[in-house]
Every structure is written in structure tokens, then in C-alpha cells.
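Read the structure below first, then the notes.
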Amino acid sequence: MYRYMCIISYDGTNYMGFQIQNDLPTIELEIKNALKKMLNEDVKIYPSGRTDRYVHAKGQVIHFDLEKHISPISLKRGLNTYLKDDIHIINALEKDETFHARFSAKSKEYRYYINTAELDPITKNFSANIYNLDFDKMNEAIKLFEGTHDFKGFASAQIDKRKETIKTIYETKINVLGDYLEFIFIGNGFLKYQVRRMMGLLIEIGRGKETKEKILEIFDKKDPKISHKIAEGKGLFLYKVNY
């Protein structure tokens with residue numbers, strides 16, 4: 001068997017997330033169908049993580065095994081021929097059998113975008129549109145997420161109770177890009193809805209409806225019911241996976 005790693009970019013607007021859900025449109029289904037057309041075989045795909053509905057990726061990573069050897073450049077070109085133009089293979093690499101897209105990852109980087117000005121039809125599918133945010137309050141609050149914490153209170157209420165909820169966030173940052181705010185989260189792993197729940201609370205803090213102390217309360221109580229709104233998926237990007 002030959003193991004391949006692919007780095008993928010996609011626009012999640014028209015998809016129900018990464019993971020296959022019967023015949024619903026998902027990123028995984030599109031890639032599997034492309035592999036089937038190209039190689040005439042069913043290939044099992046292993047992603048670095050599963051993005052939610054409407055969430056995008058600049059650097060999602062997958063791996064899979066093939067019985068026959070194919071050059072990485074031929075694999076990249078072939079897959080891109082069969083994929084829709086909202087999914088693109090950036091690079092393909094041959095790896096040894098010890099590589100795993102999820103378990104070999106050292107860290108992941110997510111970025112969230114907010115447009116603070118008038119609605120822009122060109123970028124409306126790639127950013128939340130929110131006005132009158134207090135940047136200073138959000139900038140102070142985001143730093144409280146750094147370090148090792150139990151993020152159960154910021155996760156989906158439906159996650160497996162056996163799943164490890166203690167994660168480490170190495171770095172957070174907010175960049176001002178004209179009318180847009182770019183929120184950066186780099187950590188060793190993220191739970192389902194974690195970044196979107198953190199962003200939901202940061203937005204409430206920016207609006208003056210909550211204070212940064214709410215973050216500490218959620219860390220203490222570990223209850224997703226008090227972590228407020230889940231930010232829109234369309235503003236979120238899986239930006240990079242580091243190995």
C-alpha cells in the first residue's frame with residue numbers, strides 16, 4: 001500500500017461540513033467521488049479534523065492509502081480535474097505508513113473573520129457582518145483562552161463524554177485588516193464548536209453584553225449551556241495544520 005497526504009482548500013458555502021452524511025453534499029463525499037472516478041476504487045479518507053457546515057479551509061489535510069503507486073503530481077492534477085471548482089488540492093505528497101493526518105498533527109490554526117462595515121456581497125460568504133465592536137475589550141478577552149484549559153464549556157453539548165476536553169491554545173491574536181477583524185487561534189487541538197463558541201462569546205464581549213470574566217466562569221463550570229451563542233460558520237477557516 002502507498003500512503004498519500006493531500007493539502008486541500010475549499011469554500012464550505014455549499015456543503016454540510018466535511019464528514020459524509022449519507023448523500024448530503026459534503027467535502028469528503030466530493031473527494032471520494034473524485035478518487036472513484038480517477039482510480040475506479042473506493043478509497044477511505046482520513047482528515048486532520050472535521051469542519052462544520054459552511055466552514056471553509058485554506059489548509060485542510062487528509063491522508064489515504066492506495067494499492068497502486070501514482071506520482072504525487074499526477075494525483076494532484078487528476079483529482080483537481082474531477083473536483084468542483086470550490087474544492088482544490090493544493091499539494092499531494094507521498095508519506096510513510098506512520099503518517100496520520102489527525103494523530104501526527106502537532107498543532108492547528110483556525111482564523112475567524114468579521115466585517116465591521118457595510119455588507120459586502122463579494123465577501124458575505126466568508127465573514128460575519130457585525131458592527132460597533134469594542135476592539136480593546138475583545139483583545140483583552142481573547143488572551144484568556146491561551147494556555148491549557150478544560151474547554152468542555154466551549155464544546156458541543158453532544159460530544160462523546162469519553163472525549164478528552166483539556167486542550168492547549170498556544171497563541172491568540174486579533175489583526176485589523178481595514179474593515180475586517182481577523183481572529184487567530186493556534187492550539188494542539190480543538191473540540192467541535194470550540195472556536196465558534198469562543199468567538200460567540202468574544203462577539204458578546206465586543207458588543208458590551210458580557211465581560212471577559214465570563215470566560216473564566218465557563219472554564220470553571222464547564223457547561224456549554226452558559227457559553228452563549230455559536231458564531232456563524234461562514235466566518236471560520238481551518239487555516240493550517242502543522243506537523
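Any idea what diffusion coefficient the chain gets from Stokes-Einstein, in µm²/s, Kirkwood Rh on alpha carbon pairs, 10 °C, 1.306 mPa s?
Details: Rh = 18.9 Å.
Estimated via Stokes-Einstein, D reaches 84 µm²/s.
Along each principal axis of its Cα atoms, how long is the stretch 144-189 end to end? Whole angstroms, biggest number first, please.
43, 21, 15
Give me the dipole magnitude in Debye, nearest 20, for the stretch 1-128 about the Cα centre, with unit charges on the beta carbon: positive for Lys and Arg, negative for Asp and Glu. Write out the running numbers ahead of the final one.
On the way: 18 positive and 17 negative charges, 44 e Å.
It works out to roughly 220 debye.
Could you pull out which residues in the stretch 122-152 have an amide N less than 18 Å from a spot 7 Å beyond the Cα of GLU171, following the Cα-Cβ vector?
Inside the label zone: 139-140, 142-148.
Calculate, in nm to one decimal, what SER9 and LYS143 gain on full extension: separation in residues at 0.36 nm each, minus their alpha carbon distance. Before the final figure, lay out the partial values.
Values: separation 134, 0.36 × 134 = 48.24 nm, distance 2.83 nm.
Difference between extended and current length: 45.4 nm.
Can you work out the base-10 log of I(q)/I(0) for the stretch 119-172 at q = 0.20, 0.24, 0.28, 0.29 1/Å, using the Debye formula on its C-alpha atoms alone?
Reported log10 I(q)/I(0), two decimals: -0.90, -0.94, -1.02, -1.05.
Say R0 is 22 Å: what FRET efficiency, to the nearest 0.05, do ASP65 and LYS37 get from their beta-carbon distance? Mind dumping the intermediate values first?
On the way: r = 18 Å, r/R0 = 0.83.
E(calc), rounded to 0.05, equals 0.75.
Once you've got the Cα coordinates, tell me which of LYS163/LYS229; LYS163/LYS212; LYS167/LYS240 are over 24 Å apart. All intermediate terms of the calculation are to be shown ahead of the outcome.
Numbers: LYS163/LYS229 22 Å; LYS163/LYS212 27 Å; LYS167/LYS240 17 Å.
Exceeds cut-off: LYS163/LYS212.
My understanding is that a pair violates if its Cα-Cα distance is over 26 Å; which of LYS58/LYS173; LYS108/LYS152; LYS68/LYS234; LYS76/LYS124 do that in this structure? Don't skip to the answer; put the middle values down first.
Numbers: LYS58/LYS173 18 Å; LYS108/LYS152 18 Å; LYS68/LYS234 38 Å; LYS76/LYS124 30 Å.
The answer is LYS68/LYS234; LYS76/LYS124.
If you place +1 on the Cβ of every Lys and Arg and -1 on the Cβ of every Asp and Glu, how big does the dipole about the Cα centre of the chain come out, in debye to the nearest 20? All intermediate terms of the calculation are to be shown ahead of the outcome.
Numbers: 39 positive and 34 negative charges, 95 e Å.
Taking the Cα centre of the chain as origin, the dipole is about 460 debye.
Which FRET efficiency value, to the nearest 0.05, do you get for ALA157 and ALA105 by plugging their Cβ-Cβ distance into 1/(1 + (r/R0)^6) with R0 = 25 Å?
Calculated transfer efficiency: 0.50.
Run the helix sum for the chain: -39,500 (n - 2.57) per DSSP H stretch of 4+ residues, divided by residue count, reported at 222 nm to the nearest 500 deg cm²/dmol.
Details: 5 runs with 54 residues, N = 243.
Mean residue ellipticity, 222 nm, calculated: -6500 deg cm²/dmol.
Could you derive backbone 3J(HN,Hα) for the stretch 157-165 from the dihedral phi with the Karplus parameters 6.51, -1.76 and 1.60 (θ = phi - 60°), listing whole Hz in sequence and x where the residue is Gly or Pro?
5, 9, 5, 4, 5, 7, 6, 5, 9
Step by step: find N for the stretch 1-106, compute 2.2 N^0.38 Å, then divide the Cα radius of gyration by it. What's the final number? Walk me through the intermediate numbers first.
On the way: Rg = 12.7 Å, N = 106, 2.2 N^0.38 = 12.9 Å.
In units of the globular-protein estimate, the stretch 1-106 measures up at 0.98.
Would you mind putting 67-80, 178-191, 148-161 in packing order, based on average other-beta-carbon counts within 10 Å, highest first?
Numbers: 67-80: 14.1, 178-191: 18.2, 148-161: 16.7.
Top of the packing list down: 178-191, 148-161, 67-80.
Toward the positive end of the charge dipole of the chain, about the Cα centre and with charges on Cβ (Lys, Arg +1; Asp, Glu -1), which of PRO25, TYR113, ALA128 goes farthest?
Farthest towards the positive pole: PRO25.
So if we plug the beta-carbon distance of ASN125 and THR98 into 1/(1 + (r/R0)^6) with R0 = 45 Å, what FRET efficiency do we get, rounded to 0.05?
Working: r = 38 Å, r/R0 = 0.84.
After rounding, the FRET efficiency stands at 0.75.
Apply the Karplus curve 6.51 cos²θ - 1.76 cosθ + 1.60, θ = phi - 60°, to the phi angles in the stretch 5-17 and return the couplings in whole Hz, x for Gly and Pro.
10, 10, 9, 10, 10, 8, 9, x, 3, 9, 10, 8, x
Taking only the alpha-carbon atoms of the stretch 106-243, what semi-axes of the equivalent ellipsoid follow from 5 times the gyration tensor eigenvalues under a square root, in whole Å, largest first? All intermediate terms of the calculation are to be shown ahead of the outcome.
Details: eigenvalues 108, 58, 38 Å².
Ellipsoid half-lengths, sorted descending, are 23, 17, 14 Å.
If the chain between TYR46 and ARG77 were fully stretched, how many nm would it gain, using 0.36 nm times the residue separation less the Cα-Cα distance? List each step's numbers first, then the result.
Working: separation 31, 0.36 × 31 = 11.16 nm, distance 2.01 nm.
In short, 9.2 nm is gained.
The numbers here are math on the coordinates, done by the rules we state, and not lab data. Source: prediction; values computed, not measured. In this analysis, Cβ positions are derived from the backbone assuming ideal geometry, glycine residues included, and neighbour counts consider all displayed protein chains.
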